[in-house]
Amino acid sequence: EYNIWEGVYETWEQAPVDDDVFSSKIWVEKTIERTKKTLESYQVYGDAPPTSFIHETTLPLTAAMISIDGEEPLRVLDFGGGMGTGFFQVKAGLSDRKLIEFHIVEDKAVCLQGRELLSNYPSLHFHQTIPSLPEPVDIIHLGSSLQYIGDWIELIKSLVALRPQYLILTDVFAGDIRSFVTVQNFYGKKIRFRFQNYKEFLSTIEQLNFRLIFKSNYYTTIFGKARPLPMKNFKKKLQLEHVSQVIFKRMS
């Protein structure tokens, strides 16, 4: 069986890595492929694109619940949001077609392709760094991205400095294991990848004045299928069966 992750390292710096993976041709092509499928399903199905049901992400539901009141646009920042999958899920899920201001933070190559491919959606904005946004920032979402960040704590601190009402993390590789760093194999390239102890992860977020209000198991997609994580090449105490999805609410 092909090993997606290999090796166990105590620190981020110890793990080998190939540079510029997130700007590589294959990474950008895969992102474009997902975006085109999402865009096509949104344009064809409107209110219920099939992509809204694959992962059962809570982002569209949370957006709908907090968009009931107020006249201001719903403001969302999606860190590592690709080329707008979350945007179309939210836009399709809001039955009253409320105005949306959706910001994506991504690598330069993804931003350039996203602006070109989705130029007809002026409410969708691409940034290479975390932008300064006016309050209120309703939701900050991180989907399938935190595991690729070296200093993830500083990243979270930078994001919550925008004072979001809700912080949603989808596809979180955390559980009843000890934290460790490994290497993900991606089409011949190596990417540093972090697994976390869930209690340590939760404590870190809560210390930033956020309270956990929702947690669920989450089926991530491996080779196009929702399935348990293939980690048989790791010791039992390091294996996760499922990843998590969590929602935090700012306390004040």
**Item:** Of all accessible heavy-atom area on the chain, the percent that carbon and sulfur account for (1.4 Å)
**Value:** 50 percent
**Prompt:** Which value results when the Cα radius of gyration for the stretch 103-236 is divided by 2.2 N^0.38 Å?
**Reply:** 1.17
**Asked** When the label point is put 7 Å from the Cα of Ile66 along its Cα-to-beta-carbon vector, which residues of the stretch 163-177 have a backbone N closer than 20 Å?
**Response** 163-172
**Request:** Counting other Cβ atoms within 10 Å, keep those with at most 12, restrict to DSSP loop, and tell me which chymotrypsin sites (Phe, Trp or Tyr not before Pro) in the stretch 157-192 are left.
**Result:** Tyr187
**Request:** Could you let me know the centre-to-centre spacing of the stretch 108-126 and the stretch 221-252, using Cα atoms, in angstrom?
**Result:** 29 Å
**Request:** Grab the Cα-Cα distance for Leu208 and Arg250, subtract it from 0.36 nm times how many residues apart they are, and report the gain in nm with one decimal.
**Result:** 14.3 nm
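Which FRET efficiency value, to the nearest 0.05, is calculated for Arg178 and Glu40 with the Förster distance at 30 angstrom and r the Cβ-Cβ distance?
0.10
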**Item:** Estimated distance in nm for a label pair at Ala161 and His127, the labels positioned 7 Å out from Cα along Cα-to-Cβ
**Value:** 1.1 nm
**Message:** Quick check for you: with a 1.4 Å probe and neighbouring chains kept, what is the accessible area per residue of the chain, in Å²?
**Reply:** 51 Å²
**Asked** By how many nm would the segment from Lys225 to Leu112 lengthen if fully extended, with 0.36 nm per residue of separation less the alpha-carbon distance?
**Response** 37.8 nm
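Provide the FRET efficiency to the nearest 0.05 for the Glu13-Asn120 pair, computing r from the beta carbons and using R0 = 45 Å.
Calculated value: 0.60.
The values are calculated or read from the model by the stated rules, or taken from the named source; none is laboratory data. A quick note: this is a predicted structure, and the numbers were derived from the prediction, not measured. Reconstructed Cβ throughout: ideal geometry from the backbone, glycine too, with neighbour counts over all protein chains shown. Heavy atoms of the whole protein, side chains included, go into the accessibility calculation; ligands, DNA and RNA do not. Shrake-Rupley method; radii C 1.70, N 1.55, O 1.52, S 1.80 Å.
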